[in-house]
Amino acid sequence: MRTGTAHTSREFAALYERLAPARVRLTAHDDRTIATQIALSEIPSPTGSEQARGAWVAKRFRRLGLSHVRIDDVGNVLGTRGGAADIAPVLVCAHLDTIFPAGTPVTVERDGAHLSGPGIVDNSRGLAAMLALAEAIDGTTLCTRRPVLFAATVGEEGAGDLRGVKHLFATAVQPPAACIALDGAGDERIVTQALGARRFRVVFHGEGGHSWASFGMPNPVHAAGATAARLAALPLPRTPRTTLSVCRIGGGISINAIPAEAWLEVDLRSSSAAVLARCAADIHQAVRVAAHEENARRAPGTTPLSFAINVIGDRPCGHIDDAHPLVRAAMDATSIIGRTPELATASTDANVPVSLGIPAIAIGAGGRGGSIHTSAEWYDNADGAMGIGRALAVVVAVADRAS
């Protein structure tokens, strides 16, 4: 895989060497970074309820001496490290929320370098690495040309629909020059293709009634089931890879009652906005046909079903060119630590800036992890400090650029 031009690689090698003292400090503070990661993971932070973890991060931002530390209207935590020039900053972000609902036990179990617990990787690792970078870029021993804006964002997971980062960019007085999202573990993957997603909640409404006495009344569950079957049979393009899943379905109050309501939720994903639009139209058509067929079977004089289709998630697509200096810096940083760069497609906080034409990538924050989004999530701190050093090199390389 290409790792940039020879000139860029030599330039990057010089930068990397200049950062050697900072990397030594990152290694010396590695135990403290792990302690931070554990502390963050043990603060419950379900999507929509990130306040306690956000307050913890804000307190740490202040202790690190960041300026303009604040919590915005939706709960994002922001702090700035000033640069040598008063120009557009580089944004470094990591999301606060986890997929785990309130009440989930979040105690972290430790066995040497191996940590396990819900959210220990996604995204306690990203947050801990961001805090380590905010300490390393201290404005004195290491100062960048551009300011660096650090942001702990809300609503990245699931139904959060990238709420935090959407708000961040919608309200920005000065858009950042570039964005690096720290998400999870690893030191090889570079997300350059934003995976778009549209999510729909479909609800069928009817009169309902007794399963025997009112038989013939149109049944919302029948329509929901027929919709699910139609969606499962839709042909989807292989290139770009596109997925469509009915992920939740429900309705009814009793085994012997025709439901008055039934619903299903649909997750549609693709890296192509055109494909998303076409498949969204197919979803609407499937719902209309299912409702029509169920109503066609109803007994004379009964009230027909109605339905509503609501968009409950809309994550934009986008792509940053492999030749962009931000991508080249990430590839060089990956190669220089002895890893093979892997350009990837994913849905992260980087979706929003890249969809707006702002250079953006997402990278892991070092170490290794697995069983993501399960209660058995685990993290192993193998070369963890080296992974944060990789992220540091990317941030400094971009923050030192004139344009």
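Can you find even one residue in segment 138-151 that is part of a strand (DSSP E or B) and of a type in the set (Phe, Trp, Tyr)? Checked against the condition, which is being part of a strand (DSSP E or B) and of a type in the set (Phe, Trp, Tyr), segment 138-151 yields at least one hit.
Given the criterion closer than 19 Å to Val398 by Cβ, touching a helix residue (DSSP H, G or I) at 6+ places or on another chain (Cβ under 7 Å), modelled with pLDDT of 95 or more and among the β-branched types (Val, Ile, Thr), identify the matching residue among Val108, Val154, Val191, Val165.
Being closer than 19 Å to Val398 by Cβ, touching a helix residue (DSSP H, G or I) at 6+ places or on another chain (Cβ under 7 Å), modelled with pLDDT of 95 or more and among the β-branched types (Val, Ile, Thr) holds for just one of Val108, Val154, Val191, Val165, which is Val165.
Val266 passes every criterion in (1) in contact with a Phe, Trp or Tyr (Cβ under 7 Å, 6 or more places away or on another chain); (2) over 28 Å from Thr192 (Cβ atoms) apart from (2).
Counting only strands (runs of 3 or more DSSP E) that sit wholly inside segment 155-205, those with at least 3 residues that are of a type in the set (Lys, Arg) are 196-205. Checking Val275, Val289, Val311 one by one, the residue that is under 19 Å from Asn351 (Cβ atoms), surrounded by fewer than 20 Cβ atoms within 10 Å (Cβ to Cβ) and either in contact with a strand residue (DSSP E or B) (Cβ under 7 Å, 6 or more places away or on another chain) or in contact (Cβ under 8 Å) with a residue 40 or more places away in the chain (or both) is Val311 and no other. Report yes if some residue within segment 71-92 is part of a helix (DSSP H, G or I) and either free of Cβ contacts under 8 Å to residues at least 40 places away in the same chain or surrounded by 13 or more Cβ atoms within 10 Å (Cβ to Cβ) (or both); otherwise report no. Checked segment 71-92: no residue is part of a helix (DSSP H, G or I) and either free of Cβ contacts under 8 Å to residues at least 40 places away in the same chain or surrounded by 13 or more Cβ atoms within 10 Å (Cβ to Cβ) (or both).
Number of residues in segment 39-55 that are in contact with a strand residue (DSSP E or B) (Cβ under 9 Å, 6 or more places away or on another chain) and part of a helix (DSSP H, G or I): the value is 5. If we scan segment 235-243, do we find a residue that is touching a Pro at 6+ places or on another chain (Cβ under 6 Å) and outside any helix (DSSP H, G or I)? Among the residues of segment 235-243, not one is touching a Pro at 6+ places or on another chain (Cβ under 6 Å) and outside any helix (DSSP H, G or I), which makes the answer no.
Quick one: which residue in Thr107, Thr36 is β-branched (Val, Ile, Thr) and assigned to a loop (DSSP other than H, G, I, E, B)? Among Thr107, Thr36, only Thr107 is β-branched (Val, Ile, Thr) and assigned to a loop (DSSP other than H, G, I, E, B). For segment 131-147, indicate whether the set of residues that are farther than 23 Å from Arg70 by Cβ, in contact (Cβ under 8 Å) with a residue 40 or more places away in the chain and either among the hydrophobic types (A, V, I, L, M, F, W, C) or crowded, with 21+ Cβ neighbours inside 10 Å (or both) is non-empty. For segment 131-147, residues farther than 23 Å from Arg70 by Cβ, in contact (Cβ under 8 Å) with a residue 40 or more places away in the chain and either among the hydrophobic types (A, V, I, L, M, F, W, C) or crowded, with 21+ Cβ neighbours inside 10 Å (or both): present.
Could you please let me know if Pro44 is under 25 Å from the mean Cα position of the chain (by Cα), surrounded by 14 or more Cβ atoms within 10 Å (Cβ to Cβ) and under 23 Å from Gly367 (Cα atoms)?
yes
Here the condition is being in a strand (DSSP E or B) and on the phi < 0 side of the Ramachandran plot; of Thr334, Thr345, Thr374, Thr340, it holds for Thr345 alone. Has segment 146-162 got at least one residue that is farther than 19 Å from Thr243 by Cβ and aromatic (Phe, Trp, Tyr)? Checked against the condition, which is being farther than 19 Å from Thr243 by Cβ and aromatic (Phe, Trp, Tyr), segment 146-162 yields at least one hit. In segment 1-25, the qualifying residues are those that are small (Gly, Ala, Ser) and modelled with pLDDT under 90, and the one that is nearest to Ala385 (Cα to Cα) is Ser9. Scanning segment 247-278 for residues that are more than 17 Å from Phe204 (Cα to Cα) and in contact with a helix residue (DSSP H, G or I) (Cβ under 7 Å, 6 or more places away or on another chain) gives Leu268, Ser270.
Quick check: is even one residue across segment 289-309 out of contact with any helix residue (DSSP H, G or I) (no Cβ under 9 Å at 6 or more places or on another chain) and part of a strand (DSSP E or B)? Yes, there is a match, as at least one residue in segment 289-309 is out of contact with any helix residue (DSSP H, G or I) (no Cβ under 9 Å at 6 or more places or on another chain) and part of a strand (DSSP E or B).
Pairs linking a residue in segment 366-379 that is free of Cβ contacts under 8 Å to residues at least 12 places away in the same chain and not assigned by TED's automatic domain parsing to the domain that holds Asp97 to a residue that is part of a strand (DSSP E or B) and hydrophobic (A, V, I, L, M, F, W, C), with Cβ atoms under 8 Å and 6 or more positions apart or on different chains, do not occur. Residues of segment 370-382 that are surrounded by 18 or more Cβ atoms within 10 Å (Cβ to Cβ) and either within 19 Å of Gly338 (Cα to Cα) or of a type in the set (S, T, N, Q) (or both): Asp380, Asn381.
The values are calculated or read from the model by the stated rules, or taken from the named source; none is laboratory data. In this text, all values refer to a predicted model and were calculated from it rather than measured experimentally. In this analysis, Cβ positions are derived from the backbone assuming ideal geometry, glycine residues included, and neighbour counts consider all displayed protein chains.
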